Amino acid sequence: MNAQRVLHGIDAISTWAGKAVAWLVILLAAVVCLEVFKRYVFNAPTAWIFDFNNMLYGTLFMVAGAYALAQNAHVRGDFLYGSMRPRTQAALDLVLYFLFFLPGIAALLYAGYRFAAISWRIGEHSSIMAEGPPIYPFKTVIPIAGALIITQGFAEIARCIICLRTGEWPSRLKDVAEMDVIGTQLANSEFVDEETRQRAIGGAHKIDEAARQRGMTGDLT
């Protein structure tokens, strides 16, 4: 139970970080709309707006990586992995974490720290124009995102070890759940008969149950 609380605590940190940067989507959309208005109505485009948009999107993309890992939402070739037993899945994941994940994220942390330190030292700004936005806050996000991802990665490695010992994947801190969109639409539609609606509901439940058995949601306790 203590190990489970620690894992859920790390999940909570990654989830909080992902939800926090998700608000950047609204800011990004507002900036794009404002720039389009300025460009086509007042003929006054902003030279550095594309750099600013890239910084907003890059921050969202990098910090949300830990959130996606916590929710087991990264893309995986599931046609073979899904048919494996939990212990086989855990063994494969463990090997790949040590071969690729840890070296890659460690390199990201090291390089990101150096990039951020140099950027702060020289007061780096966008090179498009003299009054471009500062880049050093954005480059600081790189090591922060790397720290979040590698922390979540240690939690995933711990989950693999627990699964190898028990034969079951430990639970995850739930946030949102995927569902069969088409099946749900059929189930809620007033234009289908009861038999079709029940088939849609049953199909959605089967998909959800199969995902749980494969460890896609991690709720196997």
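Segment 1-70 to segment 82-103: how many Å between their Cα centroids? Taking the Cα centre of each part, segment 1-70 and segment 82-103 sit 29 Å apart. Here the extension length gained between Tyr110 and Val41 equals 20.3 nm, from 0.36 nm per residue of separation less the Cα-Cα distance. Between Trp48 and Trp16, the FRET efficiency estimated from the beta carbon spacing at R0 = 30 angstrom works out to 0.45. Value of Rg to Rh for segment 54-129, rounded to two decimals, is 1.13; Kirkwood radius and Rg both from alpha-carbon coordinates. Close amide-amide hydrogen proximity is noted between Gln71 and no other residue 5 or more places distant or on a separate chain, at a cut-off under 5 Å (H modeled in the peptide plane; Pro and chain starts excluded). Amide H contacts of His125: Ile135, each under 5 Å away and 5 or more positions distant or on a separate chain (H built 1.01 Å from N in the peptide plane; Pro and chain starts excluded).
Throughout, read-outs are computed from the coordinates displayed, never taken from laboratory work. Quick caveat, the model's predicted, so the values are computed rather than measured. Heads up, the Cβs are rebuilt from the backbone with ideal geometry, glycines too, and the neighbour counts pull from every protein chain shown.
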